[in-house]
Amino acid sequence: MVVYAIGFFFTFAEILLIDFRTVMKKFFIVFFMVAAGIAPVVAQSSAAFTAGHRWSVNLHGGPDFNWDKYYSNNEYLQIANPGFDYNVDLSLILRVTNTVRFRIDGGYSEMSFGWKPNPEHGAYAFRKAEMSLFLLNFAPRVDVKLLTLGNFDMFVSPGFFQEFVLGNDQLTTKTDGTTSWRSSYVKTDYHRHTAGAVLGAVVKYNVTRHLGLTFNPDYIRFMNKLYKKNSGDMQRFRLNLGVEWTI
């Protein structure tokens, strides 16, 4: 199973920087590869499958902390986040053995940032601008159990993270106090698709056999820039809390 996991891990690497249709095609190809790979294991013992293979769903969410999500040149000063960055995710989990789980995360997130003119570079017609991005993401992952301590299980969870911009709002406050909205800025200046590697953990407290409470910290390193003029690739740290139900 470890060989399969490593093989699938690198196969997913090929889909990180390509368009959405190709991503989905390759995802389903790899999904069937996974199914074919675990089929012999399932066939070995139907009793083992009943005891060791279970489906779970996990609803989790929390704050996001993002770096290099905006660009600031000499003309502008960066503004602290005008809003709260957050995510809400739903995970579908298949427990293959007592130590290995395959899972697919899918969710929605929002992030915001802003900028204002640098007075050292002259006068501008606006005081500040604030941008909000609305995002859809999914991530195939492998959970590997490190230890069990009482009712607690702890997993390490690597995977690949795909994110797509659904839309945006930009609010500009002008020097005369009036405001204006713009929703097309992201179409020309931002990448609509970003992708990267995610490494996280799952700490699960088993309340009952079927119900668990989880703490899901994640670190995501993107392999392309959100804003085309950024000095570096975007990075994200997540602190999610969740509820997991085992079927």
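The values are calculated or read from the model by the stated rules, or taken from the named source; none is laboratory data. Please read these numbers as outputs of a predicted model, since none were measured by experiment. Note that each Cβ is placed from the backbone with ideal geometry, even for glycine, and that neighbours are counted across all protein chains shown. Remember, those area values only see protein heavy atoms, side chains included, never the ligands or the DNA or RNA. Shrake-Rupley method; radii C 1.70, N 1.55, O 1.52, S 1.80 Å.
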At 7 Å along Cα-to-Cβ for each site, give me the label-to-label distance between F215 and T246 in nm. 2.0 nm
When all alpha-carbon pairs of segment 194-243 are counted, what percent fall beyond 13 Å? 63 percent
Here the net charge surrounding D233, from other residues whose Cβ is less than 15 Å away from its Cβ (Lys, Arg +1; Asp, Glu -1), is +4
Can you give the FRET efficiency for A125 and N224, using 1/(1 + (r/R0)^6), R0 = 35 Å, r = Cβ-Cβ distance, to the nearest 0.05? 0.60
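State in Å² the accessible area per residue of segment 128-167; use a 1.4 Å probe, count heavy atoms of protein chains only, and round to the nearest integer.
Ligands and nucleic acids excluded, the figure is 38 Å² per residue.
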For segment 98-114, what does the Karplus curve 6.51 cos²θ - 1.76 cosθ + 1.60, with θ = phi - 60°, yield as ³J(HN,Hα) per residue in whole Hz, taken in order and with x for Gly and Pro? 5, 10, 10, 10, 9, 8, 10, 9, x, x, 10, 9, 10, 9, 9, 7, x
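With a 1.4 Å probe and all protein chains kept in place, how do L94, L136, L146, L226 rank by accessible area, largest first?
Numbers: L94 30, L136 85, L146 105, L226 5 Å².
Accessible-area ranking of L94, L136, L146, L226, largest first: L146, L136, L94, L226.
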Everything considered on the Cα gyration tensor (a ≥ b ≥ c; rounded for a/c under 1.5, else prolate if a/b is larger than b/c, else oblate), segment 129-247 must be described as prolate
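Which FRET efficiency value, to the nearest 0.05, do you get for F65 and N151 by plugging their Cβ-Cβ distance into 1/(1 + (r/R0)^6) with R0 = 35 Å?
0.75
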